[in-house]
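The values are calculated or read from the model by the stated rules, or taken from the named source; none is laboratory data. The structure displayed is predicted, hence computed values, not measured ones. Every residue, glycine as well, gets a Cβ built from its backbone with ideal geometry; the counts of neighbours run over all protein chains shown.
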């Protein structure tokens, strides 16, 4: 590792003026910050146009979860369930029996943790074609505080057999993931944030469930990221590039089924891994990656995540910064993991 | 259509099945199964429009039944087998490793006639309402039925569903409550008084039919026919079906222990003697 470290530093010094010619760092620009939940809302309207069996349900948060567009476009295919999430999940399961493709929308905590047993019995165990759209997920929800900031939802949902877990990284991808979820047969959890975040992936790019997305090639360390932290990982890769460290950035937008092949291949290449997510250490992306690596190619690894605590009130920016979910935190973890290489 | 006498005979055979299945499995829930046997037979053999030989998951053009208190699998499976969903011999596999006849109903194992897992209480009404809405959306004028334990009404989700169905005029849907006044820890009165059920459902904008003796086949047939006649009038229909837990065997009747306790091998002949084998024959 030390040898490699010196090697890269030397390379950096020698080639610094040619760096722009020789490095592979792809640049991603924030087109305009947008909310992921709004991406889902647009995707849902599109899915509704593509498939007349797509229906939507919400529990008194139609506007908050951006289902109002669908409700306006397809009033006969929209079910307002009132403030009763458990009943909503059961109704969705019943609708799916009749060939409908129900999208259930609510705040992520209340359509996962609050109704975990309902999801387990009638969606996962009964393997029904229902999509759960959890908006306001993660600590970047901000001012509402910890009651609403779920950071356990990935753990809960991925624990269920039959469940597919999608964590898109920006508005464009949230829209594409929604359209892909509508075409996928089986229960899906779609995790979405509330706040405006950089929108940087290509508009209209296809979303392939279960396929990791290589955003930047590198050879020294791999950053596996999901959700809002993908942008932070790209920012971290830029900063690392300036230090001569080539970071591979892979967007794991599908936590389950996990693209183990891509994870193993990249870890074999870089031999150092940092996972980045807006979730607790326990049960999130990091644990999925760690399990895969432990069983296939043990690799030094660090987590950028929240360590076993609840959030609090603050602006989205303050939350991400104070809970250590920024590019600079990723850089620090890269330095730490490279020492263990 | 079967005659009332024929249905009574089937119900007697099904009670024998329930006892023999649960004693053989050394586990299961005979009490509620025995109590609802008459209703289940009336439903599956006469009331419901369905095609057991050609089961489809989407149930298009057929009435659907969801048994929300999934623990009464002995009566569910026995009736389903006897009406033709699957071979009667398969009842021998109840609760055995590798069986399609899981302790609580599941879709995972592919048993014809089961559309949803149940057993975690309080969820079947929501599912039934969803299916009823699905039928409306697809222009299918068949009905959706659910069955619930009375103790199950203590689950909060039931009342979310009751409020929804009344407020949203889900009128192609009939929920039946097995009102046997028993639950695991004692009588419903001891555990949690259910109060005036009829008034409660009416307050939530439902139409209500009361069947005073749910172990009287004719009363069940008449009551369910009345419930059916009330559908399509802008409101969901509740049937309050008074039954006796363990009905058919004197030492089980009205005893809440038999919710989840089986008759011992030693006592089984005594129980079966009160329910003579019918021409349908044991499995």
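Data table
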| item | result |
| --- | --- |
| Flag for residue A:49 being more than 21 Å from the chain's Cα centre (by Cα), over 24 Å from residue A:201 (Cα atoms), more than 14 Å from chain B (Cβ to nearest Cβ) and surrounded by fewer than 22 Cβ atoms within 10 Å (Cβ to Cβ) | no |
| Check on residue A:104, at the interface with chain B (Cβ under 7 Å from one of its Cβ atoms), in contact with a helix residue (DSSP H, G or I) (Cβ under 9 Å, 6 or more places away or on another chain) and outside any loop (DSSP other than H, G, I, E, B) | no |
| Residue within region B:42-51 that is within 15 Å of the chain's Cα centre (by Cα) and within 14 Å of chain A (Cβ to nearest Cβ) present | no |
| Matching option when the condition is surrounded by fewer than 21 Cβ atoms within 10 Å (Cβ to Cβ) and either touching a helix residue (DSSP H, G or I) at 6+ places or on another chain (Cβ under 8 Å) or not assigned by TED's automatic domain parsing to the domain that holds residue A:214 (or both), among A:314, A:284 | A:314 |
| Wholly enclosed helices (runs of 4 or more DSSP H) of region B:1-102 bearing at least 1 residues in contact with a strand residue (DSSP E or B) (Cβ under 9 Å, 6 or more places away or on another chain) | B:30-42, B:73-83 |
| Residues of region A:287-328 classified as in a helix (DSSP H, G or I) and farther than 23 Å from residue A:136 by Cα, total | 9 |
| Neighbours by Cβ (under 9 Å, 6+ apart or cross-chain): first from region A:257-286, at positive phi; second part of a helix (DSSP H, G or I) and at pLDDT 95 or above | A:283/A:154; A:283/A:155; A:283/A:156; A:283/A:158 |
| Qualifying position, being assigned to a helix (DSSP H, G or I), within 14 Å of chain B (Cβ to nearest Cβ) and in contact (Cβ under 8 Å) with a residue 24 or more places away in the chain, among A:91, A:83 | A:91 |
| Residue within region B:181-191 that is within 19 Å of residue A:128 (Cβ to Cβ) and either more than 12 Å from every other protein chain (Cβ to nearest Cβ) or surrounded by 24 or more Cβ atoms within 10 Å (Cβ to Cβ) (or both) present | no |
| Selection status of residue A:185, in contact with a strand residue (DSSP E or B) (Cβ under 6 Å, 6 or more places away or on another chain) and not assigned by TED's automatic domain parsing to the domain that holds residue A:234 | no |
| Residue that is more than 14 Å from chain A (Cβ to nearest Cβ) and modelled with pLDDT of 95 or more, where the choices are B:176, B:146 | B:176 |
| Matching entry among A:250, A:209 (being at pLDDT 95 or above and more than 15 Å from residue A:330 (Cα to Cα)) | A:209 |
| Filter pass, residue A:70 being away from chain B (no Cβ under 14 Å) and in contact (Cβ under 8 Å) with a residue 24 or more places away in the chain | yes |
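Here is a yes/no grid of residues against (1) within 14 Å of another protein chain (Cβ to nearest Cβ); (2) within 15 Å of the chain's Cα centre (by Cα):
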| residue | (1), (2) |
| --- | --- |
| B:117 | yes, yes |
| B:124 | yes, yes |
| B:137 | yes, no |
| B:150 | no, yes |
| B:164 | yes, no |
| B:194 | no, no |
| B:200 | no, no |
| B:215 | no, yes |
| B:227 | no, no |
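Rundown of residues vs (1) over 23 Å from residue A:154 (Cβ atoms); (2) in contact with a strand residue (DSSP E or B) (Cβ under 8 Å, 6 or more places away or on another chain); (3) at pLDDT 95 or above; (4) not in a helix (DSSP H, G or I), yes/no style:
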{"position": "A:8", "(1), (2), (3), (4)": "yes, no, no, no"}
{"position": "A:19", "(1), (2), (3), (4)": "yes, no, no, no"}
{"position": "A:41", "(1), (2), (3), (4)": "no, no, yes, no"}
{"position": "A:62", "(1), (2), (3), (4)": "yes, yes, yes, yes"}
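Let's see how each residue does on (1) within 22 Å of residue B:8 (Cα to Cα); (2) part of a strand (DSSP E or B); (3) touching a residue at least 60 places away in the same chain (Cβ under 8 Å):
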residue: B:239; (1), (2), (3): yes, yes, yes
residue: B:245; (1), (2), (3): yes, no, yes
residue: B:262; (1), (2), (3): no, no, yes
residue: B:283; (1), (2), (3): yes, no, yes
